[in-house]
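Have a look at the structure below, then the notes.
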Amino acid sequence: MLKFAVTDLKQSMASWRLWMLLGWIEIRQRYARSRLGPFWLTISMGVVIASIGVVYGTLFGQKMSDYLPYLAASLVSWGMFASTVQEGSTAYISNAAYIRQVATAKLIYVLQVPWRNLIILAHNFVIILLLLAIFGVPSWATLPLFIPGLVILTLNATWMAMLTGLFSARFRDLPQIIASLVQVAFYVTPIMYRPEALTRFSFLVRLNPLTYLLDVVRQPLLGQVPSMQTYVLTIGMAIVGWLLALTVTSRYLKRISYWI
Amino acid sequence: MAFIELKGVTLDLPIYEVHGRSLKRQLAQLGRRNAIAEGNDGVVIVRALSDVSVRFESGQRIGLIGHNGAGKSTILRVMAGIYAPTAGEVAREGKVVPLLDISLGMDDNSTGLQNIRLRGLLLGMTDSELKAKQQEIADFCELGDYLDLPIRTYSSGMRVRLAFAISTAVDAEILLLDEVMGVGDASFMHKAQARLADLHRRAEIVVLAMHSNAEIRRTCDTVLWMDHGGVRMFGPTEEIVSAYEAYVSA
């Protein structure tokens, strides 16, 4: 049942040079001829964090030294997750020219998406480092946990990108639907506000898997150790999600070149 | 030994209208009884190949002939593994390199050298192969310093030269070509012919789709005449091309 997709995945992993290159090309294209290049990402993210930080930090009555690092860690990880899922929906569509010409493994077009967004995350990470430098590192001991957290987040974002890419190739209004879903998710997920702050509709936070997905990455940066429940949930989600995504991909892998 | 074998290959190409692909349409259909009648207006299915069975052996040079829309390009895509057949089987051994539309699949904002890498990787070259061949590709296309400029600045002729140079640098066991002869200016054309001939020599099987009967006679030993997605005739070049010419002029 999984056979086709697993073979494809293996071949895709083997041609890592290709998808890494494709990922870079996108970034290069977006910032072609600008002097600062991809560091515009850092700047625009910095501006967003500063303005949201000042306005909402005041509205929520938060201490800036706590709120700004929280907001930065949340927005940067959310950015990685959201753009991977969203850009995943055009993974096959925008590479139609390649797909119709050469019979490469198909998942390379998906894998380039998380890779590209990890590069972007690395650029944005400068802001987090800066804020940690200004306000002090809450705890050095928890920092290394950021790495496994990021791996879990990336794995989850990737299976979602696999699914959105596949279905969007067939149903062309899906990219728009996904874009609005991601927008809604941004508001119901504790990114700008703290999970505890939503007192009346706390189920929105508790039952929202994205809360845990963000926690697993941002908490280590903020001096907290993610709970066992967070790890179990997010890792479980990654396993189930990958199995689902590979099954569906196996089923429709051969149809992709007809759809695009 | 390289070979390609098609056994009863049938290929239905779905043509999606803008409506046909939308989720709205699909959902709207759920409630209706007569789904087939309604469904037909969204997705048109074209039978591009019907029950094609052929076997190409190592050493063969096969020419594909037939009028436009006879299925020549489609059969090349099936042999390349880009389209999976709706029914039937494709068996294949050997590294397949398809050169279907040589000007597609390049990135406009990347430089010539970056495109050599991109296209080389797409065609399945390894990193070491690329390093070894980069210089040779650069020499062949004669673009010199232009290789450091983004290819959006290239003229269409320069672009084709580059694409041609990269594509033909790949070592293929099975080479699939679709009308790639119209390359660049006269002097380059001459060079390109020589290079193609060399490429043909290195490959074990060459399948080429062409409209020039003279060219087919010169390069191929076997010809497959396609007609309406099926095999009309398959056999030695002279016999088939003569029959085809007689049919066309009739």
Report yes if some residue within segment B:103-115 is surrounded by fewer than 21 Cβ atoms within 10 Å (Cβ to Cβ), facing chain A (nearest Cβ under 9 Å) and part of a helix (DSSP H, G or I); otherwise report no. yes
Cross-chain or 6+ apart pairs with Cβ under 6 Å, segment A:22-47 first and within 14 Å of chain B (Cβ to nearest Cβ) and closer than 28 Å to B:Leu121 by Cα, then acidic (Asp, Glu) and surrounded by 15 or more Cβ atoms within 10 Å (Cβ to Cβ): A:Ile25/B:Asp107
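Here's the yes/no breakdown for (1) under 30 Å from B:Ala84 (Cβ atoms); (2) surrounded by 18 or more Cβ atoms within 10 Å (Cβ to Cβ):
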site: A:Ile43; (1), (2): no, no
site: A:Val47; (1), (2): no, no
site: A:Gly53; (1), (2): no, yes
site: A:Ala73; (1), (2): no, yes
site: A:Ala105; (1), (2): yes, yes
site: A:Ile108; (1), (2): yes, yes
site: A:Gln112; (1), (2): yes, yes
site: A:Asn124; (1), (2): no, yes
Any idea which of B:Gly69, B:Gly63, B:Gly120 is at the interface with chain A (Cβ under 10 Å from one of its Cβ atoms) and either within 16 Å of the chain's Cα centre (by Cα) or part of a helix (DSSP H, G or I) (or both)? B:Gly120
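Condition check ((1) touching a residue at least 60 places away in the same chain (Cβ under 8 Å); (2) within 14 Å of chain B (Cβ to nearest Cβ); (3) among the acidic types (Asp, Glu)) across all residues:
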{"position": "A:Leu222", "(1), (2), (3)": "yes, no, no"}
{"position": "A:Gln229", "(1), (2), (3)": "no, no, no"}
{"position": "A:Gly236", "(1), (2), (3)": "no, no, no"}
{"position": "A:Thr247", "(1), (2), (3)": "yes, no, no"}
{"position": "A:Leu253", "(1), (2), (3)": "yes, yes, no"}
{"position": "A:Ser257", "(1), (2), (3)": "yes, yes, no"}
Residue satisfying condition, being farther than 18 Å from B:Ile102 by Cβ and of a type outside the set (Lys, Arg), within set B:Ser167, B:Ser155, B:Ser187: B:Ser187
Which residue is farthest from B:Glu142 (Cα to Cα), if the candidates are limited to segment B:79-102 and must be assigned to a loop (DSSP other than H, G, I, E, B) and more than 10 Å from every other protein chain (Cβ to nearest Cβ)? B:Gly94
How many of the residues in segment B:116-159 are β-branched (Val, Ile, Thr) and buried (at least 21 other Cβ atoms within 10 Å of the Cβ)? 3
Given the criterion surrounded by 18 or more Cβ atoms within 10 Å (Cβ to Cβ), polar (S, T, N, Q) and out of contact with any strand residue (DSSP E or B) (no Cβ under 7 Å at 6 or more places or on another chain), identify the matching residue among A:Thr164, A:Thr199. A:Thr164
Helices (runs of 4 or more DSSP H) (entirely within segment A:169-260) containing at least 3 residues that are over 30 Å from A:Ile108 (Cβ atoms): A:174-188, A:202-206, A:209-221, A:228-252
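Values in this text are rule-based calculations from the coordinates and carry no lab data. Remember, it's a predicted structure, so these values are computed and weren't measured experimentally. Because the Cβ atoms are built from the backbone with ideal geometry, glycine has one as well, and the counts that use them run over all protein chains shown.
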